[in-house]
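Notes follow the structure.
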Amino acid sequence: MGLESNFPIGMQRHFISRTSYLFNTTTTTTTTNFSKSIQKLNLHHATPNTLTFLKKSRFHSGNPIKPSSNSRKSLPIKTISSIAAVSLAASYYYSSSANADSEKVVEIASAPMSAFSNSTSTGTIAELMDDDNRAAMKAKSTPELLLGLFVYKLCTLPWIVDAAPHLIKLAETLHLQAPVYWFVKNTFFSQFCGGETAEECVATMTRLSQSGINCILDLSVEADLHMDELSHSKKEETGKYWRQEQKADVILEMIKNCLKTAATGQHEEYATSGAFAAVKVTAFAPPELLLRLNQVIMYLDQAFEMYQINGQVDSTCLNHVVNKICPTPQSELQHQQRSQILSHLQENQGTLDYIEFTKLFNLRGAGREVWWETDQGKTEKEVFLTCDDLQAYDRMVDRLEQVCQLAHDVRVGIMVDAEQSYFQEAIDHVAMNLQEKYNRRDDTDHSPTVYNTYQMYTKAAQKKLERDVDRANRNNFSFAAKLVRGAYMVSERKRADQMKYPSPIHETLEDTHESYNNGVRFLLKRLHQYQDSTGHALTATTAPIVFMVASHNRESTILTVEEMEKHHVLPRSGVVHFGQLFGMQDQISYTLGKNGYSIYKYLPYGMIDEVIPYLLRRAQENSAVLGGVSKERTLMWQEVKDRFSDAAGVVHAPLENSSTIEYGLAVDVNSNGTTSDGTETA
């Protein structure tokens, strides 16, 4: 049933249209009249004295209102083509954006629907499984719905996705990027990004908070190996990494501003937990350094696997590491220290498990000077990590610790993003060291600050997840993780094929699904064991494990809700979060937010030329998701038609078959978040 208008003004939901400052064109009389009709439409759906998103109960009621045969006529909706839909969306969005410049509205933070919800897991699952659930559509303004229809339509056209990188590059070469950027900014950028600055994201954060949704702010900056080409000219003066480190220092200040904005923009009185900021380790260090560090860690792992017996290694393995991986001793003292450790282990027939082994050789550990210090004159051809590498590593860690300390102080979480496999071992190494410092279990005043990301489409993910949980438990810090399926499937398989090594990615989609779901089950089972052994209730500040289910897959979301109920993990405990990308899979996000679960939208931002690589990667790596939201587009279209019908004073019969709207999908996505051709999507 709908909620009547008996709430104070401060508790009301206000719809705000997203504005664009690029539209200042003069509208014709026809457009003006059209806009007036739309204003009437929006007023109908944003009555000041009601909770708008609960007002029209007939969409979910068991007895929908039927049109009178003698007083109202049905609109011939089935004859409207997808071309008309796109044209309508574009024309209305642009005219609405132009009018919005002169009518700025201040958004008011008010109580989300979840604040009044007494939901159950059974009810939540029923809503998630309901293909006609329009909770997300009702929380959006009409311009937002029309923009989404337009963008989703473009995403179904393969030639646009394939040609986009080449067209943008050509436009930049010819200095014609202005119109291209204008188009991208007012379509894909508006749909999938929060703004060009962190401050611009605050309005979106406030709007989402009304539906019980939190945000992960993401400064969209990515780095890769091609950046080292210009560094050689000043190598002697400022070090071989001078160019990348200058950029890292700039990004450090930008991330600090991001954290402060995230702290300001969160609404703690209604959130299940605070805001997050996403960081990429490649933005804080020279990519070449991370590549070299990644190589060293992989060699250490390979040595452990080569010599381990029942998960333990002895002095034989350590001798191999010293002779094959570590640099030769630079002093007699260093040689004696190494010999003492090896002799002690051998004489006592001691063994080390994986956690002890990695701790011994940790670059941030007590043994750094024993194992890794080397002569200043050694080059990359003589040692895996030179003196310059070690110094650059220390500066990278210092930057990241500045970020984490500020995040800890302002109570904003840090999501360390996963990246390509040739960086990932180094990223995991850095993230776990940061967790050990900033996620201390004895700090009961703070929930965990640092989260690491696990790409569950990799074959090694489950083993890595279990090892890291054990390390956290042994060293008394909270394990915090974000589980994703992975975004680099195509490029990882291509690279493995080119370089003739086994692909790190699961061979089948079913294996990936199983890996992801097993990761969720494993973490929730560990939380259940903690409750049983201690008798303590789970909270974000006391739980040994907190994690985010970052997935667009509906089945994995439902599985998590079921497992939470099974293991007595409360939705509002702040122990289990859910996450989706901004502008995608809103049906899942808004349903979870409505029912009191901790749900986040990943909200990227940045200048348009910096965000374009992010948008292209989303279009290329996740084209199946972007192009396969047929059901979501159908619901959006149905909601728009209902609003136009209500504004015009007529109603229409509901669609009997969604296929009557011919959107021309290139690739379809089913309810499991998978494509009809078996491509992984989330």
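Couple of notes before you dig in:
This table checks each residue for (1) in contact with a helix residue (DSSP H, G or I) (Cβ under 6 Å, 6 or more places away or on another chain); (2) modelled with pLDDT of 95 or more; (3) more than 28 Å from residue 241 (Cα to Cα); (4) basic (Lys, Arg).
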residue: 274; (1), (2), (3), (4): no, no, yes, no
residue: 277; (1), (2), (3), (4): yes, yes, no, no
residue: 294; (1), (2), (3), (4): yes, yes, no, no
residue: 304; (1), (2), (3), (4): yes, yes, yes, no
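- Checked against the criterion of being closer than 22 Å to residue 554 by Cβ, surrounded by 15 or more Cβ atoms within 10 Å (Cβ to Cβ) and touching a residue at least 12 places away in the same chain (Cβ under 8 Å), the candidates 487, 480 yield just one match: 487.
- Residue 521 passes every criterion in (1) at pLDDT below 95; (2) over 27 Å from residue 206 (Cα atoms) apart from (1).
- Candidate set: segment 277-325, residues that are part of a loop (DSSP other than H, G, I, E, B) and surrounded by fewer than 19 Cβ atoms within 10 Å (Cβ to Cβ); chosen: the one farthest from the chain's Cα centre (by Cα): 314
- Options 549, 569; residue that is within 17 Å of residue 451 (Cα to Cα) and assigned by TED's automatic domain parsing to the domain that holds residue 446: 549
- Residues being part of a loop (DSSP other than H, G, I, E, B) and surrounded by fewer than 24 Cβ atoms within 10 Å (Cβ to Cβ) - total across segment 569-581: 3
- So residue 507, is it surrounded by fewer than 18 Cβ atoms within 10 Å (Cβ to Cβ) and more than 21 Å from residue 565 (Cα to Cα): yes
- In segment 353-380, the residues that are within 21 Å of residue 340 (Cβ to Cβ) and modelled with pLDDT under 95 never reach a residue that is outside any helix (DSSP H, G or I) and basic (Lys, Arg) with C-beta atoms less than 8 angstrom apart, at least six apart or across chains.
- Within segment 383-436, being out of contact with any strand residue (DSSP E or B) (no Cβ under 8 Å at 6 or more places or on another chain), touching a residue at least 24 places away in the same chain (Cβ under 8 Å) and under 21 Å from residue 262 (Cβ atoms) holds for 399, 401, 402, 405, 406, 408, 410, 411.
- The residue pairs whose first member lies in segment 500-514 and is without any contact (Cβ under 8 Å) to a residue 24 or more places away in the chain, whose second member is assigned to a helix (DSSP H, G or I), and whose beta carbons are closer than 7 Å, counting only pairs six or more residues apart or on different chains, are 502/496; 503/492; 503/493; 503/496.
- Test result for residue 363, more than 30 Å from residue 413 (Cβ to Cβ) and either in a helix (DSSP H, G or I) or not hydroxyl-bearing (Ser, Thr, Tyr) (or both): no
- None of 474, 467, 441 is under 19 Å from residue 541 (Cα atoms) and touching a Phe, Trp or Tyr at 6+ places or on another chain (Cβ under 8 Å) except 441.
- If you go through segment 604-620 and keep only what is surrounded by fewer than 18 Cβ atoms within 10 Å (Cβ to Cβ) and modelled with pLDDT under 80, you end up with 613, 616, 617, 620.
- Selection over segment 368-392 of residues that are in contact with a Lys or Arg (Cβ under 9 Å, 6 or more places away or on another chain) and either buried (at least 23 other Cβ atoms within 10 Å of the Cβ) or not in a loop (DSSP other than H, G, I, E, B) (or both) gives a count of 8.
- In the set 249, 162, 228, only one residue is in a helix (DSSP H, G or I), surrounded by fewer than 18 Cβ atoms within 10 Å (Cβ to Cβ), at pLDDT 90 or above and not basic (Lys, Arg); that residue is 249.
- Any hit, segment 424-435, residues being assigned by TED's automatic domain parsing to the domain that holds residue 526, within 26 Å of the chain's Cα centre (by Cα) and in a loop (DSSP other than H, G, I, E, B): no
- Of the residues making up segment 623-657, those that are at pLDDT 75 or above, surrounded by 18 or more Cβ atoms within 10 Å (Cβ to Cβ) and either in contact with a Gly (Cβ under 9 Å, 6 or more places away or on another chain) or over 18 Å from residue 148 (Cβ atoms) (or both) are 632, 633, 636, 645, 647.
The values are calculated or read from the model by the stated rules, or taken from the named source; none is laboratory data. Treat the numbers as computed from the prediction; the structure is a model and nothing was measured. As a convention, Cβ positions derive from the backbone with ideal geometry for all residues, glycine included, and neighbour counts pool all protein chains shown.
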